[in-house]
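Presented below is the structure to which this report refers.
The values are calculated or read from the model by the stated rules, or taken from the named source; none is laboratory data. A quick note: this is a predicted structure, and the numbers were derived from the prediction, not measured. When we count neighbours, we look across all protein chains shown, and the Cβ atoms used for this are built from the backbone with ideal geometry, even at glycine.
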Amino acid sequence: MTRMIEADGLVKSFGAHLAVDGVMLKIDSGEIYGLVGSDGAGKTTTMRMLVGALKADGGACSVAGYDLATKTEDARAQIGYLSQRFSLYEDLTVLENIRFFAEVRGMPPGEWLPRCMEILEFVDLAEFKDRRAGQLSGGMKQKLGLASALVTRPRVLLLDEPTTGVDPVTRQDFWQLLVALVSGAGDSARNAGRAVGTEGVAVLISTPYMDEAARCHRVGFMQHGRIIAEDTPSRLRARLAGRILELRGSPSPVLRRAAQADQAVEAVGAFGDRLHLRVQAEQAGTVIERLSHLITSEGGTVDYLRVIPPLLEDVFIHLSEQANE
């Protein structure tokens, strides 16, 4: 694989606020890397430095082998960027928007139309090519943003929370497009390869959704401007294997009070109508026995109390607590 993004100790401050603190990234071609963190963690600032919109105060970065500081335009030419907010021209049609970005990036007059139509077919917007962008739904706007990012055949895609505010079905569709872009087999992947115009695109995506993070090849958890953990989703979850209990019953105050009173329970969090308990290593069995008895003795009922595979949410909460200690 070819290294598409390499960041070494990126630093960025705004006045006295240190927004990005020594971020290290190495992302290869054919890889989807998820950057996860709460608001203010430094994800967007990192993205803006990687695309060249912000100058780093320290550190170095290269994109597709081009140093961002000394070969800025060459590096930018390799990037397709989709920001958090819809930033296209709402008074222009879908096709006019993509044409604009194609021509601004130097695409010859005889090439832009077939290229734009190829991209619109890929993102399922071809039939809406004459609709004004301002009349599109939120999900369609995001697809148009992706199409505009892809029109110049980038080798790197930087996507800053691209599915925030869209419905679950649209999120699913958007992710199917991303997976197709980096996949190496099947008709959809071949179509995606033609759409991108190059093999081995690298994707860096920031997301607040843990189900999306689970689809990435690797995930970096970011907090206070630093990446506090980085690995594959399965290896991150394995850090808490055997230590997450799921509790369901009633009434909720009794369940929570009993769980928080147990010395072997490190954290209690609500997940819908259930509680997730993080327990000390090798204490799951004894906690289940104690809590079942305590909740019953206090007039509560336990529908179930069992060990479950950890979710990325459990891991993120645990890592965040460690980082704040």
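Return a yes/no flag: does the range 105-115 have any residue that is over 18 Å from A202 (Cα atoms), at pLDDT 90 or above and touching a Ser or Thr at 6+ places or on another chain (Cβ under 8 Å).
Start the filter on the range 105-115 by keeping residues that are over 18 Å from A202 (Cα atoms), which leaves 105-115.
Adding the requirement that they be at pLDDT 90 or above leaves none.
Within the range 105-115, none of the residues are over 18 Å from A202 (Cα atoms), at pLDDT 90 or above and touching a Ser or Thr at 6+ places or on another chain (Cβ under 8 Å).
How about the range 74-104: which of its residues are among the charged types (D, E, K, R) and either at pLDDT 90 or above or under 20 Å from G134 (Cβ atoms) (or both)?
First pass over the range 74-104, keeping only residues among the charged types (D, E, K, R): 74, 76, 85, 90-91, 96, 99, 103.
Selection gives D74, R76, R85, E90, D91, E96, R99.
Would you mind finding the one in V166, V179, V123, V156 that is surrounded by fewer than 17 Cβ atoms within 10 Å (Cβ to Cβ) and of a type outside the set (G, A, S)?
Numbers: V166 fails: surrounded by fewer than 17 Cβ atoms within 10 Å (Cβ to Cβ); V123 fails: surrounded by fewer than 17 Cβ atoms within 10 Å (Cβ to Cβ); V156 fails: surrounded by fewer than 17 Cβ atoms within 10 Å (Cβ to Cβ).
Selected residue: V179, the only one of V166, V179, V123, V156 that is surrounded by fewer than 17 Cβ atoms within 10 Å (Cβ to Cβ) and of a type outside the set (G, A, S).
Can you tell me which residue is surrounded by the fewest Cβ atoms within 10 Å (Cβ to Cβ) among those in the range 34-43 that are touching an Asp or Glu at 6+ places or on another chain (Cβ under 8 Å) and not in a loop (DSSP other than H, G, I, E, B)? Write out each step before concluding.
Within the range 34-43, the first condition is being touching an Asp or Glu at 6+ places or on another chain (Cβ under 8 Å), and the residues that meet it are 34, 42-43.
Among the residues that remain, those that are also not in a loop (DSSP other than H, G, I, E, B) are: 34, 43.
Working: G34: 24, K43: 26.
Checked the range 34-43; the qualifying residue surrounded by the fewest Cβ atoms within 10 Å (Cβ to Cβ) is G34.
Any idea which of (1) among the small types (G, A, S); (2) part of a helix (DSSP H, G or I); (3) surrounded by fewer than 18 Cβ atoms within 10 Å (Cβ to Cβ); (4) at pLDDT below 90 is the one S148 doesn't satisfy?
(3)
Please state which one of V307, V268, V219 is of a type in the set (A, V, I, L, M) and surrounded by 20 or more Cβ atoms within 10 Å (Cβ to Cβ). Talk me through it step by step, then tell me what you get.
Details: V307 fails: surrounded by 20 or more Cβ atoms within 10 Å (Cβ to Cβ); V268 fails: surrounded by 20 or more Cβ atoms within 10 Å (Cβ to Cβ).
After applying the criteria, what remains is V219.
Each row is one residue, and each column tells you yes or no for (1) under 30 Å from F122 (Cα atoms); (2) modelled with pLDDT under 95; (3) out of contact with any Pro (no Cβ under 9 Å at 6 or more places or on another chain).
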position: A202; (1), (2), (3): yes, yes, yes
position: L236; (1), (2), (3): no, no, no
position: L247; (1), (2), (3): no, no, yes
position: V268; (1), (2), (3): no, no, yes
position: D273; (1), (2), (3): no, yes, yes
position: L277; (1), (2), (3): no, no, yes
position: V287; (1), (2), (3): no, no, yes
position: R306; (1), (2), (3): no, no, yes
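Return yes when Q322 is of a type in the set (S, T, N, Q) and at pLDDT 95 or above and no when it is not. Step through it out loud before you land on a result.
Working: of a type in the set (S, T, N, Q): yes; at pLDDT 95 or above: no.
When the stated conditions are applied, Q322 does not pass them.
If you go through the range 286-303 one residue at a time, how many are within 14 Å of A259 (Cβ to Cβ) and under 39 Å from the mean Cα position of the chain (by Cα)?
Final tally of qualifying residues: 9.
Within the range 4-33, can you find the residues that are closer than 17 Å to C216 by Cα, of a type in the set (D, E, K, R) and assigned to a strand (DSSP E or B)?
Once the filter is applied, which keeps residues that are closer than 17 Å to C216 by Cα, of a type in the set (D, E, K, R) and assigned to a strand (DSSP E or B), the range 4-33 yields K26, D28.
Over 30 Å from S13 (Cα atoms), in contact with a Leu (Cβ under 9 Å, 6 or more places away or on another chain) and of a type in the set (S, T, N, Q) - does that describe any residue in the range 60-78?
As a first pass, look at the range 60-78 and keep what is over 30 Å from S13 (Cα atoms): none.
No, because not a single residue in the range 60-78 is over 30 Å from S13 (Cα atoms), in contact with a Leu (Cβ under 9 Å, 6 or more places away or on another chain) and of a type in the set (S, T, N, Q).
Name every residue in the range 309-323 that is in contact (Cβ under 8 Å) with a residue 60 or more places away in the chain and either assigned to a strand (DSSP E or B) or of a type outside the set (D, E, K, R) (or both), in order of residue number. Walk me through it before giving the result.
Looking only at the range 309-323, we keep the residues that are in contact (Cβ under 8 Å) with a residue 60 or more places away in the chain, and these are 309-316, 318-320, 322-323.
Matches in the range 309-323: P309, P310, L311, L312, V315, F316, H318, L319, S320, Q322, A323.
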